[in-house]
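First the structure, in the form of structure tokens, and then the observations on it.
Please treat every number below as a calculation from the coordinates, not as lab data. Since the model is a prediction, treat every value here as computed from it, not as a measurement. Positions of Cβ are backbone-derived with ideal geometry, glycine not excepted, and every protein chain shown enters the neighbour counts.
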Amino acid sequence: VIRAVLDTANVLASGFAGEEVPASTPGAIVRHRRRGRFEPVVSPHIFMELGHMFAKPYYRSRRSDAQIDAAMLVLITEASFSVPTVGIYDVATHPEDDLVLATAVSAHVDYLVTGDKQVRRLEAIQGVSIVSPRHFLTLLEQEGSEG
């Protein structure tokens, strides 16, 4: 099973918001997660950041409180939690992104999926491939057609 850290704002939050939108790449990734095509890995930081994202009017206008609660519950019950044990500092342009990188490295995941072009420029870090949501979706679709 593919293990992946999904960046908070541009993949996880957008995925839950666009889960029912056929053309949404992050939404399609969340649908693949529902089918068990990959194992999401989150850290307490990512989980808390997602909660803050869902409190914003943009997400509140697209999802009901019950839908937001259900999305958070899915992460609690179905994602693997990893507390970063590796310190990564000043690699990304924002400290929050360093925490996401640290989560991916500490959890020894296969992929870090992010829409952040600055982070993607790294291409990989300590054995973790850094890919766009579109690239990750292609990988999941290929994996699904093989199995």
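So the values come out like this:
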{"item": "Under 5 Å, built H, 5+ apart or other chain: amide partners of I2", "result": "E39"}
{"item": "Among beta bridges that DSSP assigns inside the chain, antiparallel share in %, nearest 5", "result": "15"}
{"item": "Placed amide H near V128: partners under 5 Å, 5+ positions off or other chain", "result": "none"}
{"item": "Footprinting exposure proxy for T8, T93 (fewest neighbouring C-beta atoms within 10 Å first)", "result": "T93, T8"}
{"item": "Computed [θ] at 222 nm, deg cm²/dmol, the chain (DSSP H ≥ 4; -39,500 (n - 2.57); rounded to nearest 500)", "result": "-14500 deg cm²/dmol"}
{"item": "Cα-derived Rg to Rh of the chain, Kirkwood definition", "result": "0.94"}
{"item": "GluC sites (Glu not before Pro) restricted to DSSP loop in region 1-93 with at most 14 other C-beta within 10 Å", "result": "E20"}
{"item": "Tensor-based shape of region 90-147 (alpha-carbon gyration tensor, a/c under 1.5 rounded, otherwise prolate or oblate)", "result": "prolate"}
{"item": "Region 2-146 - percent relative contact order, Cα under 8 Å, separation 6 or more", "result": "28"}
